[in-house]
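These notes concern the structure reproduced below.
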Amino acid sequence: MKSVQARVTRALPFGARVDVCDNSGAKTIRIFSVYGHKTVKGRYQEAGIGDLVNASIIKGKPGMKKQVVQAVIVRQKKPYRRLNGERIKFEDNAAVVLKDDKGNPKGTIIKGPIAKEAASKWPAIAKIASAVL
């Protein structure tokens, strides 16, 4: 995993519901923890683009509901700033469900674009992405 080349604003707090943009069978997930995120006591954890999160499936194929999965955030509505000065935002929040700890995605197709920062940090996700912005 490489470091993210942007000052990503963390926009998705603990409890946020995020759409899944791959064909893994899950439709909506709920974030309940963020890997590597340290906060002060009493503050909720937040996730941004490229972050690995633990989530539970809220909507999806029968039998998938209430499963705990790992996911990577690939799009967020809140604008964030790249090092060259431009600000990037997407029209929705989206995540990709992972199959294992190595970063391999569960699905085989990603619908819509993903952020360049998530693609550089997670190369296995970048391989199956339709567009990288």
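The values are calculated or read from the model by the stated rules, or taken from the named source; none is laboratory data. Everything numeric in this text was worked out from a predicted model, so none of it was measured. Cβ: placed from backbone, ideal geometry, glycine included. Neighbour counts: every protein chain shown.
Of all residues in region 35-55, which are polar (S, T, N, Q) and either modelled with pLDDT under 95 or in contact with a Gly (Cβ under 9 Å, 6 or more places away or on another chain) (or both)? Once the filter is applied, which keeps residues that are polar (S, T, N, Q) and either modelled with pLDDT under 95 or in contact with a Gly (Cβ under 9 Å, 6 or more places away or on another chain) (or both), region 35-55 yields 39, 45. As for region 8-15, it holds no residue that is in a loop (DSSP other than H, G, I, E, B), touching a residue at least 60 places away in the same chain (Cβ under 8 Å) and under 17 Å from residue 124 (Cβ atoms).
Residue pairs whose Cβ atoms lie under 9 Å apart, sitting 6 or more positions apart in sequence or on different chains, and linking a residue in region 114-130 that is touching a residue at least 40 places away in the same chain (Cβ under 8 Å) to a partner that is buried (at least 16 other Cβ atoms within 10 Å of the Cβ) and of a type in the set (S, T, N, Q), are 115/76. Taken over region 77-123, the criterion of being of a type in the set (Gly, Ala, Ser) and either at pLDDT 95 or above or crowded, with 16+ Cβ neighbours inside 10 Å (or both) is satisfied by 94, 95, 103, 107, 112, 115, 118, 119, 120. Residues that are in a strand (DSSP E or B) and not aliphatic (A, V, I, L, M) within region 77-115 comprise 80, 81, 82, 87, 105, 111, 112, 113, listed in sequence order. Residues of region 63-76 being surrounded by fewer than 16 Cβ atoms within 10 Å (Cβ to Cβ) and assigned to a loop (DSSP other than H, G, I, E, B), which ones? Across region 63-76, the qualifying residues are 63, 65, 66, 67.
Taken together, the residues in region 98-122 that are acidic (Asp, Glu) and farther than 21 Å from residue 67 by Cα amount to 1.
Output the residue which, of all residues in region 37-62 that are among the β-branched types (Val, Ile, Thr) and in contact (Cβ under 8 Å) with a residue 12 or more places away in the chain, is surrounded by the most Cβ atoms within 10 Å (Cβ to Cβ). Among residues in region 37-62 that are among the β-branched types (Val, Ile, Thr) and in contact (Cβ under 8 Å) with a residue 12 or more places away in the chain, the one surrounded by the most Cβ atoms within 10 Å (Cβ to Cβ) is 49.
The condition (being part of a strand (DSSP E or B), over 24 Å from residue 130 (Cα atoms) and modelled with pLDDT of 95 or more) is satisfied by just one residue among 58, 29: 58.
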